[in-house]
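Student: Here it is: the structure, laid out below.
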Amino acid sequence: MMYGGLGAHVVAIATEQARAGHDVTVLTQHGTDTPDDEVINGVRVVRAREMGEPQERTFANLLPWVASMQRAMNRQGRELLDAWNPAVVHGHDWVVAAVAMTLSRHAQVPLIATVHATEAGRHDGWIVGPLSQTVHRRERRLVGAADAIIVCSGAMRAEVTAALGPFDAAVTVVPNGVDLDVWRATEAGCAAARARVGVDSTTPLIIYSGRLAHEKGVGTLVDAMPAVLAHISAARLVIAGRGPLDAALRARVSELHLDAAVSFTGFLPEHELRPLVATADCAVIPSLYEPFGMVALEAGALSTAVVASREGGLIEIITDGVTGLLVTPGQAAPLASAIVRLLSDRDFARQLGDAASRDVAIRYSWPLLAQHTVDVYRHTSVSGQQPRVIERIPDMNVLTGERVTKS
């Protein structure tokens, strides 16, 4: 099964590594009506089948779901290693931490850990509540056991070091990428996309695509719309995605009397999302927390101008005024001003989009990034370090050191 950007990253990296001639096996969770073992684009995909009734994947049931998945993957992984000896074991994020640690020790090969995001980053440095504390501890165990760590941006390297350190492994930045052969759109596809969301070819169109979650800052975008409409009354915002804030965002749109200007599509499959992003006059990424910013690459590949928060990995992808516009996160007024600027100056917007497209092609192709990942494998050996004991999480912000004030 594949979940969000992490899953897309693994598929792309594994496919390109196999295409380059490497022997790649992906061990993953079993899905509905999927074979236990198959080869896809040169990658062997082994799916671990859970014993008994599978756990439901919900927020409240997250830890039992992870435990059940890891038991299945651990059992299947040991069987796999009886007949095959990999050069490395590469684990992605805390949900497979225990499996990756166990299998790398069993095979006596280096453990590579990619950290796509941290619990501390998602909560502004505060690790509060049993679930967050458990996730944080598992992240720390993973990086503590790893022989090499990969992150998607310089911002994530700083975050991982501050939140999960100290550890001995070197941290290498290998950004996410985009498939330039896939992220394309035709004129006919763009016209159809506009028709599906009920706007004509002349309507100034703003697109948000991604999870509807607090850290994505979608509420700031909604709050910016009255100011955008005050300057460009015909503008329309389409919000494509789903998440825990769906109902709250819809209620806020109604509260601001924006129902005629803002529409929600829910989750869109890629073949529908691509032409919608391509035909938009402006793609907005208003994140409050963003380890990388995959949406910026996708918009750039389609030559769509971007307004994004000056936050995390977005700062490394976008050069302000050259390949996009950067604004202060969480503030509606500067976000609205930047959107209005792009909608009002189509030539400038086109200039930004074209520059972003060139930059994405040079820096973010998957074959290049897959090779960078293989380079990390080749320069990593087993360190022999022992798993560390994770002490009690202190009553402080693990990113800034700020202490909890007690009244």
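Student: What do you reckon, is residue 14 modelled with pLDDT under 95, under 23 Å from the mean Cα position of the chain (by Cα) and of a type in the set (A, V, I, L, M)?
Tutor: In short, no.
Student: Among the residues that make up segment 312-323, is at least one of them within 25 Å of residue 199 (Cα to Cα), crowded, with 24+ Cβ neighbours inside 10 Å and modelled with pLDDT of 95 or more?
Tutor: no
Student: Check 302, 258, 249 and return the single one that is closer than 26 Å to residue 175 by Cβ and not acidic (Asp, Glu). Give the derivation first.
Tutor: Details: 258 fails: closer than 26 Å to residue 175 by Cβ; 249 fails: closer than 26 Å to residue 175 by Cβ.
Residue meeting the stated conditions: 302.
Student: Please tell me if residue 275 is assigned by TED's automatic domain parsing to the domain that holds residue 339 and assigned to a helix (DSSP H, G or I).
Tutor: Considered against the rule, which asks whether it is assigned by TED's automatic domain parsing to the domain that holds residue 339 and assigned to a helix (DSSP H, G or I), residue 275 comes out as yes.
Student: Between a residue in segment 169-184 that is closer than 19 Å to residue 303 by Cβ and any residue that is assigned to a strand (DSSP E or B), which pairs come within a Cβ distance under 8 Å, given they are 6 or more apart or on different chains?
Tutor: Close Cβ pairs (under 8 Å, with a partner that is assigned to a strand (DSSP E or B)) amount to 177/365; 178/365; 180/365.
Each row is one residue, and each column tells you yes or no for (1) within 27 Å of residue 217 (Cα to Cα); (2) without any contact (Cβ under 8 Å) to a residue 24 or more places away in the chain; (3) within 22 Å of the chain's Cα centre (by Cα); (4) surrounded by fewer than 22 Cβ atoms within 10 Å (Cβ to Cβ).
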position	(1), (2), (3), (4)
86	no, no, no, yes
89	no, yes, yes, no
93	yes, no, yes, yes
96	no, no, yes, no
120	yes, no, yes, no
126	yes, no, yes, yes
150	yes, no, yes, no
157	yes, yes, yes, yes
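Student: Having 2 or more residues that are over 20 Å from residue 380 (Cα atoms) is the bar; report the helices (runs of 4 or more DSSP H) wholly within segment 71-174 that clear it.
Tutor: 119-122, 130-145, 154-164
Student: Counting only residues that are over 21 Å from residue 100 (Cα atoms) and modelled with pLDDT under 95, how many does segment 17-37 have? Explain how you work it out, then say what you get.
Tutor: Going residue by residue through segment 17-37, those that are over 21 Å from residue 100 (Cα atoms) are 19-21, 32-35.
If we keep only those that are modelled with pLDDT under 95 too, we end up with 32-35.
Result for segment 17-37: 4.
Student: Filter segment 19-67 down to the residues that are assigned to a loop (DSSP other than H, G, I, E, B) and among the charged types (D, E, K, R), then identify the one that is farthest from residue 371 (Cα to Cα).
Tutor: Filtering segment 19-67 for residues that are assigned to a loop (DSSP other than H, G, I, E, B) and among the charged types (D, E, K, R), the one farthest from residue 371 (Cα to Cα) comes out as 53.
Student: Residue under question is residue 192, and the condition is that it be modelled with pLDDT of 95 or more, assigned to a helix (DSSP H, G or I) and not acidic (Asp, Glu); does it hold?
Tutor: Judged against the criteria, residue 192 is a match.
The values are calculated or read from the model by the stated rules, or taken from the named source; none is laboratory data. Treat the numbers as computed from the prediction; the structure is a model and nothing was measured. Because the Cβ atoms are built from the backbone with ideal geometry, glycine has one as well, and the counts that use them run over all protein chains shown.
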